[in-house]
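Asker: Dropping the structure in here first, questions after.
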Amino acid sequence: MTNAKETTVERRVRIDAPVGTVWNVLSQEGLGSFHLLRELGEMRLKEGGRIAWHDPERPESPARITGRITVVSPPRRISLMAYLPGGGLPDEPENYTSIDIMLRSEDDGRTEVIVEEGDFARHPHGPRLAKQAGDRWVEALIRLKDRVEHLAAAA
């Protein structure tokens, strides 16, 4: 359940595929492909790697999200620090949000994907930004689920 004043986001989805399959899709296709943003530069997941996600219709425009990957722990976790250039705050570490993507095996062979992002409390209009991020993650997780389950059914 979301709260109108939330400044952190948690979204979940269950995918009818094992953790390894979900991980392979995330690592091969890139996080941006599910977030409806275009990832420029190296898409390979590696600790210390930089991210820059752009509007897919205008990839030459300034990045909507930038940051760096802090943890890659196959096949269970990806963490990154993200900065919103249009968020109204200077590009300083205290103005970044953390994003954790965790994959958990379920007893029935499915995978639960959990995304946590926050905290937007320092940002002007933090609850609005958190709501927008939560909405984007719902869409991204649905796309990830559809993609993984389509590939698993074809295998």
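Read the figures in this text as sums done on the coordinates, not as results from a lab. None of the values given here were measured: they were computed from a predicted structure. We place every Cβ from the backbone using ideal geometry, glycine too, and count neighbours over all the protein chains shown.
Asker: Compute the acute angle (0 to 90°) between the alpha-carbon long axis of helix 126-154 and the principal axis of greatest extent of the alpha-carbon atoms of the chain; round to the nearest 10°.
Answerer: 20 degrees
Asker: Enumerate by residue number the trypsin sites (Lys or Arg not before Pro) in the stretch 125-155 meeting two conditions: DSSP loop (anything except H, G, I, E, B), and at most 12 other Cβ atoms within 10 Å of the site's Cβ. Walk me through the numbers on the way to the answer.
Answerer: Working: sites: 128, 131, 136, 143, 145, 147; in loops: none.
Counting only loop positions with at most 12 other Cβ atoms within 10 Å, none of the trypsin sites (Lys or Arg not before Pro) in the stretch 125-155 qualifies.
Asker: Full-extension gain between residue 110 and residue 89, please, as 0.36 nm times their residue separation minus the C-alpha to C-alpha distance.
Answerer: Numbers: separation 21, 0.36 × 21 = 7.56 nm, distance 3.98 nm.
That works out to 3.6 nm of additional length.
Asker: Taking the Cα centre of the chain as origin, sum charge times position over the Cβ atoms of Lys and Arg (+1) and Asp and Glu (-1), and report the length of that vector in debye to the nearest 20. Write down the numbers at each step before the final one.
Answerer: Numbers: 22 positive and 25 negative charges, 14 e Å.
I would put it at about 60 debye.
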